[in-house]
Every structure is written in structure tokens, then in C-alpha cells.
Ligand code: FER
């Protein structure tokens, strides 16, 4: 009896060591925060450009707008990779630009050689005729429009970008990320279309994120397909459970990813700007 018990304990010990090691190996984390001034204009740093663009959406049946960042020294002889970056439930195509200074974050990182020059598209992820964040933003048709956006993105917006801008039309040069509702979109669309995207980021992803087994029905192919899977959330965020459940599923299925639990992080742009700063440095 004593022998069996001792042997069982040994096995349990070995199993725990194995589980512990595999958890360390599957996910990486880091605690560094973006440095002071990362989101402010710096002297001597060349500025990229933000423009409003328009595209025809067969999905919605309207002409839709997006913002588009082109890096400093943008030229038609270069072919650029593209990041598609999504807003939250209360936002629209301007949300990142108005609250997150993404262009300044990119300009500063590019000047320091820490980010590849890329085109960043800031779409409107509420794919319906009136896509403004008006009235009750949680209304069913408005929430559904965030999932309809998958078709608009794949069939209307990406083809428009690839027909009109000097971009590399290949999954390894296409990234998708977003905050909250847009984080859910990025995980759903990115993991659901790994033939289109090789770099995926969910920042404080909302409950529109599919349940893990639906999000990743085929865990064994993810590591070979994706170049980066980045999930992050503030530890004070009421939506933290969504990121934790995704992280636990990824770990237990040996799917490599970066998992950042941001100390004293809330559901706000302090966290999302920090995520953007770190995520774009890992791309391409
Ligand atoms: C929810 C709570 C929050 C939800 C969405 C959100 C669809 C989105 C938050 C955001 O985008 O900031 O229950 O359900």
C-alpha cells in the first residue's frame, strides 16, 4: 500500500513538472511597459500619414469608410505588409485615431527601427448601413454587424486595399488585431481564416470571442500556420475571463502564444496603446 502510494506520488510529481514545463513553453509573457513619450510627437521623427479612404461594400450595400496609415517615406516602388486594426463596441473607424495616437506610436517605432514600415488599415467593424456608434450600441443588430464584418473584410475591404495600394498579397504579410469587440473579431476572423492571416492579436477581447473549441476546432494546425498569436488583458478588466479562457485552452492544447496579463490594467486605452506598441514590433 505504502509502495503504491509512493509510486503514485512520484508519477504525480513527474506529471506536474511536465505540465509546468509545457505551460512555460506554450506561452510567453513580458511585463515591460511602453516607455514615456512613445505616443507623443518626437523632434526629428518623420511623420506618416492618416487618410480617410472609401470602398464599395457588396456585403453591406453601401460605400464604407476606413482610415489608412501610410508610413514615412511611403512610395509606390515598395511593397508593404498590412495590419488590419479594429475598434471596440462604442467606436468606429476613428476610435483608435482619436484615443490612441496610433500614427505617433508607429512613427516613433519606425524611426527607432523597431517596427517594419507597414500600411495599417483602421476599418469600421460595424458592417451595417448606419455604421455610426449611435443609440444603444448593444442592440442586437449592431452587435451582429460586428460578425457580418468578417465578410466585408474578406470580400470587400481587403480586395480594395490589395487592388489600390502597394501591399504584399500574402498571408504572411497580413496581420489582424483589435481591442475589445475588435479583439473578438480579430481572434474569430484570424483563427477562422488562417489562410488569410498569419499574425493575430486580441487586446482585452470581448464576449463576442467564440468559445475556445469553436474558435480553434483544429488545435494541431495552429502552430504551423501562425507566426504570432498575441492575447492580452488588464487584470482589473471585467472581461478578463474571456482572455483567460482562451489562454487556458491554448496552453492545454500546446498552442504557442503570447499572453500578457497587464498589472492594474483596466478596459481602456492605457492598456490598448501599450498593446499596440508591443504587438506591432513583433510583426513581419
Ligand atoms: C459584452 C460586454 C462588452 C459584449 C461586448 C462588450 C457583445 C464590448 C466591449 C467593448 O468593445 O469595449 O457583453 O457583448
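Any read-out appearing in this document is the output of simple, stated calculations on the displayed coordinates, not a laboratory observation. The structure presented is a predicted model; accordingly, all values stated were derived computationally and were not measured. Here the Cβ is made from the backbone with ideal geometry for all residues, glycine too, and neighbour counts use every protein chain on show.
Rounded, prolate or oblate: which fits region 203-242 when a ≥ b ≥ c are the square roots of the eigenvalues of the alpha-carbon gyration tensor, with rounded for a/c under 1.5 and prolate only if a/b beats b/c?
Since a/c reaches 1.5 but b/c is at least a/b, the shape of region 203-242 is classed as oblate.
Just to confirm the number: angle between the C-alpha axis of helix 2-26 and the first principal axis of the chain, 0 to 90 degrees, nearest 10?
10 degrees
Determine the calculated [θ] at 222 nm for the chain from helices alone, applying -39500 (n - 2.57) to every DSSP H run no shorter than 4 residues and normalising by the residue count; nearest 500 deg cm²/dmol. Kindly include the intermediate steps, with their values, before the conclusion.
Details: 10 runs with 107 residues, N = 284.
So the calculated ellipticity at 222 nm is -11500 deg cm²/dmol.
So what's the gap between the Cα centers of region 86-154 and region 241-270, to the nearest angstrom?
21 Å
Distance between Cα centroids, region 28-59 to region 182-236: provide it in whole Å.
21 Å
What does the C-alpha gyration tensor say about the overall shape of region 92-197? Classify as rounded when a/c is under 1.5, otherwise prolate if a/b is larger than b/c, or oblate.
Oblate, because a/c is 1.5 or more while a/b does not exceed b/c.
Given a Förster distance of 22 Å, report the FRET efficiency between residue 148 and residue 241 from their Cβ-Cβ distance, rounded to the nearest 0.05.
Numbers: r = 25 Å, r/R0 = 1.15.
Rounded to the nearest 0.05, the efficiency is 0.30.
Residue separation times 0.36 nm, minus the C-alpha to C-alpha distance between residue 111 and residue 193: what's the value?
Values: separation 82, 0.36 × 82 = 29.52 nm, distance 3.23 nm.
Difference between extended and current length: 26.3 nm.
Return a whole-number percent for the relative contact order of region 126-284, with Cα pairs under 8 Å and 6 or more residues apart as the contact set.
Details: 244 pairs, mean separation 27.3, N = 159.
Reported relative contact order: 17 percent.
Enter the angle in degrees (range 0 to 90, nearest 10) between the Cα long axis of helix 240-252 and the first principal axis of the Cα atoms of the chain, meaning the one along which they spread out most.
Helix 240-252 and the main axis of the chain meet at about 60 degrees.
Only counting other Cβ atoms within 10 Å, I'd like 57, 232 sorted with the fewest neighbours first.
So the ranking, lowest neighbour count to highest, is 57, 232.
Among rounded, prolate and oblate, which fits region 207-284 when a ≥ b ≥ c are the square roots of the eigenvalues of its C-alpha gyration tensor, a/c under 1.5 means rounded, and a/b larger than b/c means prolate?
Note, shape of region 207-284 comes out oblate.
Suppose each label sits 7 Å from its Cα in the direction of the beta carbon; what would the residue 51-residue 221 distance come out to in nanometres?
Each label point lies 7 Å from its Cα, and together they span 3.7 nm.
Using a 10 Å cut-off around each Cβ, can you sort 82, 98 from fewest to most neighbouring Cβ atoms?
Listing 82, 98 from fewest to most nearby Cβ atoms yields 98, 82.
For the chain, place one equal point scatterer on every Cα, skip the solvent, and apply the Debye formula. What is log10 of I(q)/I(0) at q = 0.15 Å⁻¹?
Ignoring solvent entirely, the Cα scatterers give -1.13.
How much of the DSSP bridge set in the chain is antiparallel, in percent, rounded to the nearest 5?
35 percent
For the chain, find the longest principal axis of its Cα atoms and tell me its angle to the long axis of helix 140-152, 0 to 90°, nearest 10.
Approximately 80 degrees, to the nearest 10.
State the extension gain, in nm to one decimal, for the chain segment bounded by residue 140 and residue 213, taking 0.36 nm per residue of separation less the distance between their alpha-carbons.
23.9 nm is the gain from fully extending residue 140 to residue 213.
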